[in-house]
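Reading through the structure tokens given below for one structure.
The values are calculated or read from the model by the stated rules, or taken from the named source; none is laboratory data. On a predicted model such as this, the values are computed, not experimentally measured, just so you know. Backbone-built Cβ (ideal geometry, glycine too); neighbour counts: all protein chains shown. In case anyone asks, the SASA skips ligands and DNA or RNA and just uses the protein heavy atoms, side chains included. Shrake-Rupley method; radii C 1.70, N 1.55, O 1.52, S 1.80 Å.
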Amino acid sequence: ILYRNASDNTALDIGVKGSLGEGGGLNVTAAGKFKGEIAKGTARVPSLQPTPDTPIEIEAKVAIGRTNITAEGNFVADLASIDMRLRLAGPTLRALEKVSGLKLPDTPPYTLSGHLRHTGAEWVFDPFEGKVDESDQRGSVAYTGVKRPFLKAALKSKLLDFDDLGPLLGAPPKTGAGETATPEQKEKAA
């Protein structure tokens, strides 16, 4: 499958092998550009029933730019409902906007894993755990993006560096000595 969308700078070459129905399964590989970023990924769909309202089980590994995503779970064909175990790692949470459409803060590098659920305009990541730069994080996050996006979080930490959470409140990431920041964040701070 060749997927091209010039308006959002996406060009993917997708390979699919397998069969539909009970006992069937699909293996998918993809490579190219997604919204201007180099992208590649693999996915396995253990069983695919040819009905639009049956949840589709999936195991996937995707890299978009410097963001890496591993997912296991299910979704319905129109993506109105998602229920996944997710592992994410990247240079800033802001980069996830290209994948999810969510406007997230420009954080230091992060690694997170947890349970993601999506229905309607609500995204819930609960429970989750991981690190944003030097700070360990665990808890829950809910994002509603109707007319005015709203992010609500209940976070716990054993080691919390307030510099790491400043971007959640609108402050720029710290880029001085001893801080971890992407080249783009260092350039912006300069």
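Quick notes on this one:
- Cα gyration tensor category, rounded, prolate or oblate, for region 1-140 with a/c compared to 1.5: oblate
- Over region 68-156, relative contact order from alpha-carbon pairs under 8 Å, at least 6 apart, %: 20
- Over 27 Å apart at the Cα level, from the set LYS40/LYS131; LYS103/LYS156; LYS17/LYS103, are LYS17/LYS103.
- Cα shape, region 70-161, gyration tensor, a/c 1.5 rule: prolate
- Between VAL146 and ASN27, the C-beta separation translates, for a Förster distance of 41 Å, into a calculated FRET efficiency of about 0.65.
- Peptides ranked, highest mean first, by Cβ atoms within 10 Å: ranges 151-158, 23-30: 23-30, 151-158
- Using 0.36 nm per residue and subtracting the Cα-Cα separation, the extra length available between ASP83 and THR42 on full extension is 12.9 nm.
- Rounded accessible area of VAL45 (nearest 10 Å², 1.4 Å probe): 10
- Spatial offset of region 86-159 relative to region 1-65 amounts to 23 Å, using the alpha carbon center of each.
- For LYS158, the aspartates and glutamates whose Cα falls under 19 Å of its own Cα, not counting residues fewer than eight places away in the same chain, are ASP126, GLU129, ASP133, GLU134, ASP136, GLU179.
- Sorted peptide list for 3-15, 99-111, criterion being average Cβ within 10 angstrom, highest first: 99-111, 3-15
- From phi via Karplus (6.51, -1.76, 1.60), per-residue ³J(HN,Hα) for region 131-148 in Hz, x at Gly/Pro: 9, 10, 6, 8, 8, 7, 9, 8, x, 9, 9, 10, 10, 10, x, 7, 7, 10
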